[in-house]
Amino acid sequence: MTVEEDDLVVEYLAAIDELFEHWEAVDAKNLPLAQPAARSASRFSGKDLTRLAIVKGLACYVFDTGKAISTLHAARQINAMIPLVRLAYESALNVSLLVQSLDQHGVDAFMHEYSRQRAALQLSASRSPSEVFREGAPDVSGIDGSPFKDSHDSVRHFHQICEDLTPGGPDAYLYYRLLSAYSHPGVGVTDLYFEDNGQPGLPTFLGEAKEALPGGMLLFFTAASLLWSARAYSYLTRDQADRDFLRSVGRRIGVADSLALSDDYRRRHAARARAEREARRHGP
């Protein structure tokens, strides 16, 4: 590791610690939650309450995951960090999209995907050779996705979430794929334990796995995920002091403090809105 890389690691670790302290302080304030800007002029509904709960829950999950990542880094378990960094990163982008999504489309997409997964779970249980699973299948709740079927958004495929955010797009998905390569069983994982010796037969087995990705890179994505999650939550608290602090952290680690809706997202919604107006104008 170069001196410059070492300095970056120190900066990322400091930012992570400060974000943990900030999150605890925000929780202690017990600030009232408000509608995000996308819904500020609308009447409060059950779906708005669902959005608030999901945003709060996902943000807390990212911070809890961040603590586990920090523990692994302190123990120099760099490879073990990767699946958790991927999880924090994926969750941070989900919550960033959800809190800013237009009207109720984000929460509808999130709940529709939840219902789809619950229905798949029920189907698998009903087909199980185990009697206890078959008997329990009818008790699986949350399988009706019909109230959420008309969303203009989708959270089923992560690349779509990346494309709906800026900065994001294909590069954001590429980082996700890189993290995913070491989060699932595969050749990439097994290769960490071997080294080519230029001889026929089995390569040299290493006593200790190589680091799949630089620890500094993983800390960067951890810090960014914590930052984006805290910033998403700040849309609900509207605390200017919190936002100023988060912007300062973003400048220090070199990222935007907030992921915004992309032009592609807005164009898609505008096109769907025009199509719906035309359909209503012409009638059935």
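Within region 208-226, being under 30 Å from residue 94 (Cα atoms) and not hydrophobic (A, V, I, L, M, F, W, C) holds for 211, 214, 215, 216, 222, 225.
Answer yes or no: is there a residue in region 2-22 that is more than 19 Å from residue 224 (Cα to Cα), at pLDDT below 95 and touching a helix residue (DSSP H, G or I) at 6+ places or on another chain (Cβ under 9 Å). So far as region 2-22 goes, no, none of its residues is more than 19 Å from residue 224 (Cα to Cα), at pLDDT below 95 and touching a helix residue (DSSP H, G or I) at 6+ places or on another chain (Cβ under 9 Å).
Whether any residue in region 49-67 is open to solvent by 50 Å² or more (accessible area, probe 1.4 Å), within 19 Å of the chain's Cα centre (by Cα) and in contact (Cβ under 8 Å) with a residue 40 or more places away in the chain is what I want to check. For region 49-67, residues open to solvent by 50 Å² or more (accessible area, probe 1.4 Å), within 19 Å of the chain's Cα centre (by Cα) and in contact (Cβ under 8 Å) with a residue 40 or more places away in the chain: present. Just give me the residues in region 173-182 being surrounded by 14 or more Cβ atoms within 10 Å (Cβ to Cβ), assigned to a helix (DSSP H, G or I) and not aliphatic (A, V, I, L, M), in sequence order. Scanning region 173-182 gives 173, 175, 176, 180. Applying the criterion of being assigned to a helix (DSSP H, G or I) and either among the charged types (D, E, K, R) or within 25 Å of residue 90 (Cα to Cα) (or both) to the residues of region 183-207, the residue that is most open to solvent (accessible area, probe 1.4 Å) is 187.
Filtering region 68-96 down to residues that are under 17 Å from residue 228 (Cα atoms) and over 9 Å from the mean Cα position of the chain (by Cα), which residue is most open to solvent (accessible area, probe 1.4 Å)? Result: 84. Kindly evaluate residue 109 against the criterion of being farther than 30 Å from residue 234 by Cβ, aliphatic (A, V, I, L, M) and in a helix (DSSP H, G or I). It is false that residue 109 is farther than 30 Å from residue 234 by Cβ, aliphatic (A, V, I, L, M) and in a helix (DSSP H, G or I). Annotation: residue 102 fulfils all but one of (1) in a helix (DSSP H, G or I); (2) in contact (Cβ under 8 Å) with a residue 40 or more places away in the chain; the unmet one is (1).
In region 212-257, the qualifying residues are those that are of a type in the set (A, V, I, L, M) and not in a helix (DSSP H, G or I), and the one that is farthest from residue 172 (Cα to Cα) is 212.
If the condition is being buried (at least 16 other Cβ atoms within 10 Å of the Cβ) and in a helix (DSSP H, G or I), then region 157-168 contributes 158, 160, 161, 162, 163. Scanning region 214-246 for residues that are open to solvent by less than 20 Å² (accessible area, probe 1.4 Å) and of a type in the set (A, V, I, L, M, F, W, C) yields 218, 219, 221, 223, 224, 226, 227, 230, 232, 236, 246.
Considering the conditions (1) among the hydrophobic types (A, V, I, L, M, F, W, C); (2) part of a helix (DSSP H, G or I); (3) closer than 20 Å to residue 108 by Cα; (4) open to solvent by less than 60 Å² (accessible area, probe 1.4 Å), residue 19 is excluded by exactly one of them, (3).
Cβ-Cβ contacts under 6 Å between residues 6 or more apart (or on different chains), taken from a first residue in region 262-282 that is under 15 Å from residue 160 (Cβ atoms) to a second residue that is loosely packed, with under 12 Cβ neighbours inside 10 Å and of a type outside the set (Lys, Arg), are absent. One residue alone among 86, 76, 43, 51 is part of a loop (DSSP other than H, G, I, E, B) and closer than 30 Å to residue 21 by Cβ, and that residue is 76. Does residue 165 fit the bill of being under 23 Å from the mean Cα position of the chain (by Cα) and among the aliphatic types (A, V, I, L, M)? In short, yes.
For region 119-156, a residue qualifies if it is closer than 30 Å to residue 85 by Cβ, open to solvent by 60 Å² or more (accessible area, probe 1.4 Å) and modelled with pLDDT of 95 or more, and the qualifying residues are 121, 124.
The values are calculated or read from the model by the stated rules, or taken from the named source; none is laboratory data. It should be emphasised that the depicted structure is a prediction, and the values quoted were computed from it without experimental measurement. All Cβ positions, glycine included, derive from the backbone under ideal geometry; neighbour counts span all protein chains shown. For accessibility, only protein heavy atoms count, side chains too; no ligands or nucleic acids. Shrake-Rupley method; radii C 1.70, N 1.55, O 1.52, S 1.80 Å.
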